[in-house]
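Colleague: Starting off with a structure, shown below.
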Amino acid sequence: MSGRDKRGRFVKGHRPWSAGKTKDIEPRLSGGRRPGIPNYSARLNIEPEEILKVLQRTRNYRKTAKHFGCSKPTVRNILRRNGITPPKFERPRSVWTEERIEELRRMYPTIPTREVAEYFKTTEMNIIKQAENFGIKKIRKQHPNRTSTHKYCSGCKQWKPHSEFWKNKYGNPASECKLCNNKRKMNYVRRNPDKELIWRKRYYQKHRDEIIKKVTDFYKKRPELRKLYNKRWMKRNPDKYKAVRARREKRKKDGNISSDDILRLLIMFKKYGCCPICDKVVDGKRRAWWLEHDIPLSRGGKHELSNVIYDCNICNMKKGTKTLKEFCGMTVDGILEKVQKEVKEKVA
Ligand SMILES: [Zn+2]
Ligand SMILES: [Zn+2]
């Protein structure tokens with residue numbers, strides 16, 4: 001079955017969109033497109049005399065079919081159904097005399113095919129076909145930039161060095177330059193946002209270890225970017241960030257420190273007066289007392305007395321997700337011993 005699509009174009013093998021929707025009994029008499037395309041079956045009611053009239057005027061089945069808003073086979077079928085054999089119209093074919101062939105041989109190799117086609121009043125395809133028949137080879141003009149280092153981009157129609165092209169699977173430069181390729185990709189992504197997500201996920205699953213290694217290496221070189229990224233990530237994923245915080249809070253709750261224990265610890269450090277890591281006075285203005293986990297909660301550290309000390313907020317922020325040993329080479333026990341000793345001496 002063939003029919004017209006929504007835009008009124010005739011499509012082979014297409015179920016007409018109007019089938020069963022509109023019942024337009026009137027056959028179409030005027031040419032050109034019109035918004036309400038008549039029912040496919042209704043077109044079969046066209047009078048054969050009308051068809052013959054139009055056929056004689058146009059001498060062309062395509063134009064006749066267009067006139068009635070149906071397909072070429074439909075026109076022929078209606079005639080056959082009414083006992084009329086569809087007339088044949090010979091199209092005037094161009095005769096290729098010796099002179100014309102000679103002319104083609106002179107023009108085609110160098111002049112653009114479009115101009116040759118205009119001269120012979122046919123299509124470009126016909127010219128190419130005829131030239132092949134007569135064994136005329138086209139002389140391709142080589143671009144001055146065409147070397148082993150340059151290529152013609154089919155997208156932006158420019159000659160560019162090979163470095164401007166992605167490589168295809170054979171290791172040769174692709175047909176489009178990187179810019180054009182990116183443009184096309186971005187266009188596609190804009191039209192199919194869901195597909196891109198799927199691709200990215202699939203790619204990530206395939207190359208997970210590589211990606212993680214690449215990213216960690218990159219941020220090891222530039223730790224300040226890591227902080228920036230973290231901040232942005234928090235802003236972009238507030239829900240995930242909340243989940244991370246919640247996990248941290250839960251670990252805290254799971255630990256068995258009472259508030260009294262923590263208070264006692266804080267009082268001891270306050271008596272000591274200095275941050276045990278940077279040895280600077282914690283006055284509560286520039287520096288404040290912050291609880292510090294030796295092994296961070298995010299790395300599986302526990303919220304227990306054996307894992308916590310107090311330090312200043314600056315050291316706390318600097319330490320980040322390192323352990324005390326990684327950060328300053330001290331241990332919880334060492335710090336506690338030092339602090340207790342000092343406090344005892346002060347009291348005495
Ligand atoms: Zn390009
Ligand atoms: Zn400090």
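Colleague: List the GluC sites (Glu not before Pro) in segment 281-348 that DSSP assigns to loop (not H, G, I, E or B) and whose Cβ has at most 15 other Cβ atoms within 10 Å. Which are they?
Modeller: Those that pass, being in a loop and sparsely packed, are Glu304.
Colleague: Sticking with this one: Sorted by average packing, counted as other Cβ atoms within 10 angstrom per residue and highest first, what order do 177-187, 246-256 take?
Modeller: By packing density, highest mean first, the sequence is 177-187, 246-256.
Colleague: For segment 257-347, what Kirkwood radius comes out of the mean inverse Cα-Cα distance, in Å?
Modeller: About 13.2 Å for segment 257-347.
Colleague: Which lysines have a Cα less than 18 Å from the Cα of Lys63, not counting those fewer than 8 places away in the same chain?
Modeller: Within reach: Lys12, Lys53, Lys72, Lys88.
Colleague: Pick out, in residue order, every one of the chymotrypsin sites (Phe, Trp or Tyr not before Pro) in segment 81-174 that is DSSP loop and has at most 14 other C-beta atoms within 10 Å; say none if there are none.
Modeller: Qualifying residues, ordered by number: Phe89, Trp96, Phe134, Tyr170.
Colleague: To continue, here is another question. Which ³J(HN,Hα) values, rounded to whole Hz and listed in residue order, are derived for segment 300-311 from phi using the Karplus coefficients 6.51, -1.76 and 1.60 in 6.51 cos²θ - 1.76 cosθ + 1.60 with θ = phi - 60°, glycine and proline given as x?
Modeller: Computed from phi, the couplings for segment 300-311 are x, x, 9, 8, 10, 4, 6, 10, 10, 9, 10, 9 Hz.
Colleague: How would segment 88-128 be classified by its alpha-carbon gyration tensor: rounded, prolate or oblate, with rounded meaning a/c under 1.5 and the a/b versus b/c comparison settling the rest?
Modeller: Oblate shape, in that a/c is at least 1.5 and b/c is the bigger or equal ratio.
Colleague: Moving on. Name the lysines eligible as straight-distance cross-link partners of Lys253: C-alpha to C-alpha under 28 Å, and not fewer than 8 places from it in the same chain.
Modeller: Answer for Lys253, where 28 Å is the Cα cut-off: Lys227, Lys231, Lys235, Lys240, Lys242, Lys270, Lys271, Lys302, Lys318, Lys319, Lys322, Lys325, listed by chain and number.
Colleague: Report the residue, chosen from Ser306, Ser154, Ser163, that carries the largest GNM mean-square fluctuation when the chain is represented by alpha-carbon nodes joined by springs under 10 Å.
Modeller: It is Ser306.
Colleague: Give me the tail of P(r) for the chain as a percent: Cα-Cα pairs with distance above 26 Å.
Modeller: Considering the chain, 76 percent of its Cα-Cα pairs are separated by more than 26 Å.
Colleague: For segment 114-268, just the Cα set please: Rg and Dmax, both in angstrom.
Modeller: 30.3, 104
Colleague: For segment 42-126, which trypsin sites (Lys or Arg not before Pro) are in a loop by DSSP, counting at most 14 other Cβ atoms within 10 Å?
Modeller: When the trypsin sites (Lys or Arg not before Pro) of segment 42-126 are filtered for loop state and at most 14 Cβ neighbours within 10 Å, Arg59, Lys88, Arg93, Lys121 remain.
Just so you know, all these numbers are worked out from the coordinates, no wet-lab data involved. Quantities reported herein were computed from a predicted structural model and do not represent experimental measurements. So basically every Cβ, Gly included, is an ideal-geometry build from the backbone, and we count neighbours across all protein chains shown.
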